[in-house]
Amino acid sequence: MRTVLQRIIPAASTPRSVCVRNLGNAARGPPLTPYNVPAHFQNACDLFVNPSSSYSGWVQQCESLRMFVFWGVVAGVTIDLITNPPKSSYWLRYSPRRWGPALMGMFSGGRGEGLFLEGPLPFSVDVGQLYKTEMNK
């Protein structure tokens, strides 16, 4: 009975074949897990040594290379920030190099420089007098 129905109903009109979309986004190559890093490294090296003969193979080689390029750029920027930090006052005050002493100061109870002001800052300018002179101009 099934073979008769298969002859009568073409394969393209079955519900399963109608719902499947072949977009070409199927997973190719080794899965992205920490245990497959050597396989991805081999695919990334093959991009330069043995070019792929198919588009899907080339895409897999590029995806494997992208993983190493991303972490290479992250490591390069991190090393550059450590060896050549910005000269801004914000970076000097809140840089990762000061996190250790700041945490130790929080737990040691020492009277160091706090994050918030404990009182008004002393000004050498009388704001009220400056306002009056500027408004009378």
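The values are calculated or read from the model by the stated rules, or taken from the named source; none is laboratory data. Quantities reported herein were computed from a predicted structural model and do not represent experimental measurements. Every residue, glycine among them, receives a Cβ derived from its backbone with ideal geometry; neighbour counts consider all protein chains shown.
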Exercise for the section: Report yes if M67 is in a helix (DSSP H, G or I), out of contact with any Pro (no Cβ under 9 Å at 6 or more places or on another chain) and surrounded by fewer than 14 Cβ atoms within 10 Å (Cβ to Cβ), otherwise no. Expected result: no
Handout entry: Qualifying residue in segment 19-38 (condition: surrounded by fewer than 14 Cβ atoms within 10 Å (Cβ to Cβ) and at pLDDT 80 or above)
Key = yes
Exercise for the section: Only residues that are modelled with pLDDT under 90 and either among the acidic types (D, E) or surrounded by fewer than 15 Cβ atoms within 10 Å (Cβ to Cβ) (or both): list them for segment 47-57, please. Expected result: N50, P51, S53, S54, Y55, S56
Exercise for the section: Could you please let me know if G76 is under 30 Å from N36 (Cα atoms) and without any contact (Cβ under 8 Å) to a residue 40 or more places away in the chain? Expected result: yes
Handout entry: Condition met for F41 (modelled with pLDDT of 90 or more and over 21 Å from the mean Cα position of the chain (by Cα))
Key = no
Exercise for the section: List every residue pair whose Cβ atoms lie under 7 Å apart, where the two residues are 6 or more positions apart in sequence or sit on different chains, the first residue falls within segment 87-100 and is under 19 Å from F116 (Cα atoms), and the second residue, located anywhere, is modelled with pLDDT of 80 or more. Expected result: W91/P85; S95/P85
Handout entry: Close pairs (7 angstrom Cβ cut-off, 6 or more residues apart or separate chains): farther than 13 Å from P30 by Cα in segment 43-70, polar (S, T, N, Q) anywhere
Key = D46/Q61; L47/Q61; S52/Q61; W58/S52
